[in-house]
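Q: What follows is a structure written as structure tokens; I'll ask about it next.
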Amino acid sequence: MADYDLIVRNAKIVTEDRQTEGDIGVKDGKIAAIEPGLKGTAGREIDAGNKFVLPGGIDSHAHIEQKSGFGIMCADDFYSGTVSAAFGGTTTVIPFAAQHRGMSLRQVVKDYHEAATPKAVIDYAFHLIISDPNEQVLGQELPALLRDGYTSFKIYMTYDDLKLDDRQVLEVLDFARREGAMAMIHAENSDCIAWLTEKLEAAGRTAPRFHATSRPAPVEREATHRAITLAELIDVPVLIVHVSSREAIEQIRWAQGRGKSSGSC
């Protein structure tokens with residue numbers, strides 16, 4: 001019997017803390033040995049030819065085969081999205097399983113697995129998107145999913161079909177604190193965006209570039225501060241996702257400077 005299933009020889013090996021040169025032995029799908037001139041036999045050997053061998057990346061925020069609140073499907077399905085990821089050195093993706101209002105969260109997860117399982121060529125997991133935090137979701141479905149390993153979820157403060165009001169945000173954050181889950185927040189002031197959008201449309205300013213005009217920095221800054229305030233009230237860490245303005249970053253740094261647990265991506 002071979003000592004390893006695979007040996008990768010003559011590699012520049014990059015780990016979390018150093019770079020070395022040598023061989024990698026793989027057994028039962030796991031790295032079993034890293035050393036120069038690795039002794040032993042393998043069912044398969046690859047000569048890396050002095051190329052870099054490094055851990056696969058994890059894309060922790062992706063939208064794949066997800067229908068938006070407007071009913072528009074993402075361009076990438078789980079095959080095209082994961083093939084592209086693999087070619088870029090990413091070996092795990094964590095896209096979102098998006099609940100829309102009236103949908104069972106458990107059924108949402110089942111539907112996304114049915115879409116991903118036959119197509120994905122790399123590892124995947126799911127964050128949840130919660131748009132309907134009703135008693136059934138918060139009291140039964142989400143606790144059960146948490147026990148199954150779905151420990152992170154995203155909530156929105158904007159987009160009519162997804163957004164939660166402040167009371168609902170508090171309810172979800174309270175669940176996150178109680179159960180030890182990670183809450184991610186898309187922080188933008190929905191009413192400000194709607195008001196600005198109406199003004200732009202009335203002026204005929206509907207080209208794609210006016211999307212940015214409808215979302216100036218104060219819109220994100222205010223919502224980021226409000227999200228942090230709500231999290232502070234519950235005493236729970238939050239992750240503010242895809243932060244795009246300096247002013248929002250300043251709010252996050254302000255919170256962190258006061259010892260509050262908030263982060264951004």
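Q: Rounded to whole Å and sorted largest first, list the principal axis extents of the Cα atoms in the range 17-77.
A: 58, 27, 20
Q: Moving to a separate point now. Taking the range 1-133 on its own, what percent of its Cα-Cα pair distances exceed 18 Å?
A: Of all Cα-Cα pairs in the range 1-133, 63 percent lie more than 18 Å apart.
Q: Let me have the 222 nm mean residue ellipticity of the chain computed from DSSP H runs of 4+ only, each contributing -39500 (n - 2.57), with the sum over all residues rounded to the nearest 500. Provide the component values of the computation, followed by the final result.
A: On the way: 8 runs with 89 residues, N = 265.
It comes out at -10000 deg cm²/dmol, rounded to the nearest 500.
Q: Moving to a separate point now. Calculate one ³J(HN,Hα) per residue across the range 19-33 by plugging θ = phi - 60° into the Karplus curve 6.51 cos²θ - 1.76 cosθ + 1.60, and present them in order as whole Hz with x for glycine and proline.
A: With the stated coefficients, the range 19-33 comes to 10, 9, 10, x, 10, 10, x, 10, 9, 6, x, 10, 5, 9, 7 Hz.
Q: Can you compute 3J(HN,Hα) from phi for each residue in the range 227-235, using the Karplus curve 6.51 cos²θ - 1.76 cosθ + 1.60 with θ = phi - 60°, rounded to whole Hz and x for Gly and Pro?
A: Karplus values, whole Hz, x for Gly and Pro: 4, 4, 5, 5, 5, 5, 4, 7, 6.
Q: Please list, in order along the range 194-209, the HN-Hα scalar couplings obtained from phi with the Karplus expression 6.51 cos²θ - 1.76 cosθ + 1.60 (θ = phi - 60°), rounded to whole Hz, x for Gly and Pro.
A: Those phi angles translate into 4, 5, 5, 4, 4, 5, 5, 5, 5, 8, x, 8, 10, 5, x, 5 Hz.
Q: May I pose another question? List the residues whose amide H sits under 5 Å from the amide H of residue 76, counting only those 5 or more places along or on another chain, with H placed 1.01 Å from N in the peptide plane.
A: Long-range HN contacts for residue 76: 65.
Q: Please compute the Kirkwood hydrodynamic radius of the range 185-265 from all pairs of different C-alpha atoms, in Å with one decimal.
A: Values: mean 1/r = 0.0751 Å⁻¹.
Value: 13.3 Å, from the Cα pair sum.
Q: Between residue 129 and residues 5 or more places away or on another chain, which pairs have amide H atoms under 5 Å apart, with H built 1.01 Å from N, and which residues are they?
A: Long-range HN contacts for residue 129: 97, 98, 99, 154.
Q: Two decimals is fine: what's Rg over Rh for the chain, C-alpha atoms, Kirkwood radius as Rh?
A: Numbers: Rg = 22.6 Å, Rh = 21.2 Å.
Computed over Cα atoms, the ratio is 1.06.
Q: So who's got an amide H within less than 5 Å of the one on residue 182, skipping anything under 5 residues away but keeping other chains? H placed 1.01 Å off N, in plane.
A: For residue 182, whose amide H was placed from the backbone, the distant partners under 5 Å are 152, 153.
Q: In addition: For the peptides 108-121, 47-60, what is the packing order when you average, over each peptide's residues, the other Cβ atoms within 10 Å and list the highest mean first?
A: On the way: 108-121: 15.5, 47-60: 13.1.
Descending packing order for the listed peptides: 108-121, 47-60.
Every number in this text was worked out from the coordinates using simple rules, so none of it is lab data. Remember, it's a predicted structure, so these values are computed and weren't measured experimentally. Here the Cβ is made from the backbone with ideal geometry for all residues, glycine too, and neighbour counts use every protein chain on show.
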